[in-house]
Amino acid sequence: MEAVPRVAFGVIADIQFADADDGHDFGGSRRRYYRHSLRLLRDAVRAWAAESPPIDFVLQLGDSIDGLNARRGEAEDALRQVLEALGRLPVPVHHAWGNHEFYNFSRARLAQSGLCSRPAGDAAGPPDGLCQAYHCSPAARLRLVVLDAYDLSVLGRDPDSPRYEESLRLLREKNTNEDLNSPAGLKEPQFVAFNGGFSQAQLNWFDEVLKFSDENQEKVVVMGHLPIHPDASDRVCLAWNYEAALSVIHSHRCVVCVLAGHLHDGGYCLDSHGVHHLTLEGVIETPPESNAFGTIYVYEDKMILKGRGRIADRVMQF
């Protein structure tokens with residue numbers, strides 16, 4: 001490894017903390033370690049804080065607390081504990097919003113919470129101030145773009161809002177099941193209520209950001225909760241209109257990596273345009289004696305992931 005990377009940052013996904021005994025996924029076959037996930041997050045924070053040279057920032061890829069908290073009336077307290085753990089880091093934390101954030105909070109509440117890492121001012125993101133999409137430049141010729149994969153969604157939006165009505169109409173058009181969380185028999189199984197998609201306004205904004213990065217010879221890292229490449233995910237966990245997001249990326253030269261969560265098994269592919277798609281394993285299904293986080297070191301010609309526990313090391317050449 002070269003002596004000093006240009007940038008180093010932490011990555012973690014699907015913490016899904018709840019102060020509850022172990023349970024199982026919706027299928028009943030996968031164990032979920034609700035209470036232990038906070039301890040694993042604290043272990044990750046200690047490891048990142050001890051890095052030398054120090055890391056520059058952390059990407060929290062969504063589902064920071066579990067939907068179980070809403071049913072128990074403990075959402076605010078669970079979020080406080082997760083944010084306190086991350087707050088021990090002396091560096092910025094960039095948050096994606098996932099389905100479990102919306103099981104606990106409205107979009108308006110999230111925009112006022114510690115999970116809103118979008119900088120103040122319209123220039124940083126799309127015109128919709130409740131959209132958790134934005135970009136920033138953590139180092140020279142490097143840009144981070146945070147996407148909001150639930151911009152189109154039936155989760156978190158006011159049922160009387162035009163965006164909710166648009167999302168529900170699209171979902172019912174694609175999903176004819178009585179249970180909108182069921183992908184059974186669907187031609188496009190990603191059209192379930194626990195997923196979401198990107199509005200045209202967000203995609204237009206994304207295109208403009210990447211155009212700027214092309215013109216300025218920047219490398220771009222994209223993050224969001226939902227995977228956008230079918231070879232880095234199972235088909236059920238993809239963003240609704242993942243092909244539209246991929247089309248924007250592939251019309252530019254600057255994107256080197258897309259980071260996502262949501263699929264707790266993780267996934268990876270190098271796509272036909274040379275973009276790395278890395279889906280991180282989820283903390284929530286990680287046994288207490290292991291972990292699931294990593295640090296990514298960025299060099300001129302590659303990114304090197306040093307994983308902990310369930311997350312494997314990986315070299316991603318540009």
Original post:
Would you pick out the residues in the range 35-81 that are under 30 Å from residue 143 (Cβ atoms), of a type in the set (Gly, Ala, Ser) and not in a loop (DSSP other than H, G, I, E, B)?
Top reply: 44, 47, 49
Original post:
Is at least one residue of the range 124-144 part of a helix (DSSP H, G or I) and closer than 23 Å to residue 200 by Cβ?
Top reply: yes
Original post:
Looking at 57, 105, 17, which one is among the aromatic types (Phe, Trp, Tyr), surrounded by fewer than 21 Cβ atoms within 10 Å (Cβ to Cβ) and touching a residue at least 12 places away in the same chain (Cβ under 8 Å)?
Top reply: 57
Subject >> Residue check for residue 198: open to solvent by less than 50 Å² (accessible area, probe 1.4 Å) and in contact (Cβ under 8 Å) with a residue 60 or more places away in the chain >> reply: no
**OP:** Sort out which residues of the range 23-44 are within 17 Å of residue 74 (Cα to Cα) and open to solvent by 60 Å² or more (accessible area, probe 1.4 Å), and write them in order of number.
**Re:** 35, 36
Subject >> Residue check for residue 278: within 20 Å of residue 7 (Cα to Cα), touching a residue at least 40 places away in the same chain (Cβ under 8 Å) and not aromatic (Phe, Trp, Tyr) >> reply: yes
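Residue by residue, here is whether (1) among the hydroxyl-bearing types (Ser, Thr, Tyr); (2) open to solvent by 10 Å² or more (accessible area, probe 1.4 Å); (3) under 23 Å from residue 303 (Cβ atoms) holds:
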{"site": "79", "(1), (2), (3)": "no, no, no"}
{"site": "93", "(1), (2), (3)": "no, yes, yes"}
{"site": "110", "(1), (2), (3)": "no, no, no"}
{"site": "124", "(1), (2), (3)": "no, yes, no"}
{"site": "128", "(1), (2), (3)": "no, yes, no"}
{"site": "133", "(1), (2), (3)": "no, no, yes"}
{"site": "138", "(1), (2), (3)": "no, yes, yes"}
Original post:
Does the range 112-122 hold any residues that are under 21 Å from residue 195 (Cβ atoms) and open to solvent by 20 Å² or more (accessible area, probe 1.4 Å), and which are they?
Top reply: none
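Against the definition (open to solvent by 50 Å² or more (accessible area, probe 1.4 Å) and of a type in the set (Gly, Ala, Ser)), how does residue 184 come out, yes or no?
Numbers: open to solvent by 50 Å² or more (accessible area, probe 1.4 Å): yes; of a type in the set (Gly, Ala, Ser): yes.
It is true that residue 184 is open to solvent by 50 Å² or more (accessible area, probe 1.4 Å) and of a type in the set (Gly, Ala, Ser).
The values are calculated or read from the model by the stated rules, or taken from the named source; none is laboratory data. This one's a predicted model, so the numbers in the text were calculated from it and none came from an experiment. Every residue, glycine among them, receives a Cβ derived from its backbone with ideal geometry; neighbour counts consider all protein chains shown. Just the protein is used for accessible areas: all its heavy atoms, side chains included, with ligands, DNA and RNA removed. Shrake-Rupley method; radii C 1.70, N 1.55, O 1.52, S 1.80 Å.
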